[in-house]
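Here's the structure, in structure tokens; my notes come after.
The values are calculated or read from the model by the stated rules, or taken from the named source; none is laboratory data. Computed from a predicted structure; not experimentally measured. Cβ: placed from backbone, ideal geometry, glycine included. Neighbour counts: every protein chain shown. For accessibility, only protein heavy atoms count, side chains too; no ligands or nucleic acids. Shrake-Rupley method; radii C 1.70, N 1.55, O 1.52, S 1.80 Å.
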Amino acid sequence: GVRGTGMKKKVRIGLLALFVVIFAVSAVMMARQGMQYQKNEELQKSAREVAELPLAKPGLESLAELDPHAAVLAEIDLAALQEVNSDVIGWISIPDTQMSYPVLQGEDNHYYLDHAWNKEYNAAGSVFLESTNSADLSDYHTLVYGHRMRNGSMFGMLRDYDKLDFWREHPSVYLVTEDYVYRYDIFAAYQAGVREIVYWLDLTGREEALIQYCLEHTVLDTGITPSPEERLLTMSTCTGNGYEKRWVVQGVLRGEYGR
């Protein structure tokens, strides 16, 4: 009887030890699984942010982490501006500069040379989109015009992009539409003749020729080379040296954030 009791006690101790081991292993496995689930959530979140899915637009909080400038611009109320003037198609901004204006699009490229965004006559005019460009900025090449004001307002500050240090401090320009905030990384700045490829309205099949022209003429060595599949933006202003030449600053679309 004593021997049998001793055997039962050893079996109980052995089973208890086994249960402890099983519990410990299970706890470790659950902890690892929990960490995997958390990591998976982070990966899925990063995938949504990288993919910028239109059906899963990032909220302002996550967008602020992704691109704080885009997060601020995403709150712009374009509808309120459009109630004043339906020609407002967006907003343009270069962070930490005075460049922050509504973008207009008229029936031609003359009206907003001397009319403000609310259609009042004003010699400084407005920043405006090429009249033949798509208002949603979906074209391969989008042209935006503005006056070169002596006080640096409108497109006057673009003249500073002949300096590499200025580009380093202000490497991107943002355009806001009803649905998106677009970030164009600036890759070229130079003088261009008004009849050069930069101002051709039909560039179908000439995408590589435009890129080559930009890179050959730029006074900025940014190290950025657009691919023919990436959309381009050209900001155009006068040079102050007559009407045959224009000063252009160009960006390639590298950020697209849902509003």
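Net charge in the neighbourhood of VAL194 (other residues with Cβ under 11 Å of its Cβ; Lys, Arg +1, Asp, Glu -1) is +1. Taking a ≥ b ≥ c as the square roots of the eigenvalues of the Cα gyration tensor, segment 95-180 is classed as oblate, since a/c reaches at least 1.5 and a/b does not exceed b/c. Using a probe of 1.4 Å on the protein chains alone, the accessible area found for PHE166 is around 40 Å².
Counting only Cβ charges, +1 for Lys and Arg and -1 for Asp and Glu, the dipole size of segment 182-259 around its Cα centre is about 320 debye. For segment 143-203, the gyration tensor built on C-alpha atoms gives a rounded shape. Its axis ratio a/c (a ≥ b ≥ c) stays under 1.5.
When a 1.4 Å probe is rolled over the protein heavy atoms, the share of accessible surface on segment 173-259 that falls to carbon and sulfur comes to 44 percent. The residues of segment 85-236 expose on average 46 square angstrom of accessible surface per residue, using a 1.4 Å probe on protein heavy atoms. Need one word for segment 90-136: rounded, prolate or oblate. Basis is the Cα gyration tensor (sqrt eigenvalues a ≥ b ≥ c); a/c below 1.5 gives rounded, then a/b vs b/c decides. Note, shape of segment 90-136 comes out oblate. A protection proxy built from the mean count of other Cβ atoms within 10 Å ranks the segments 176-183, 62-69, most packed first, as 176-183, 62-69.
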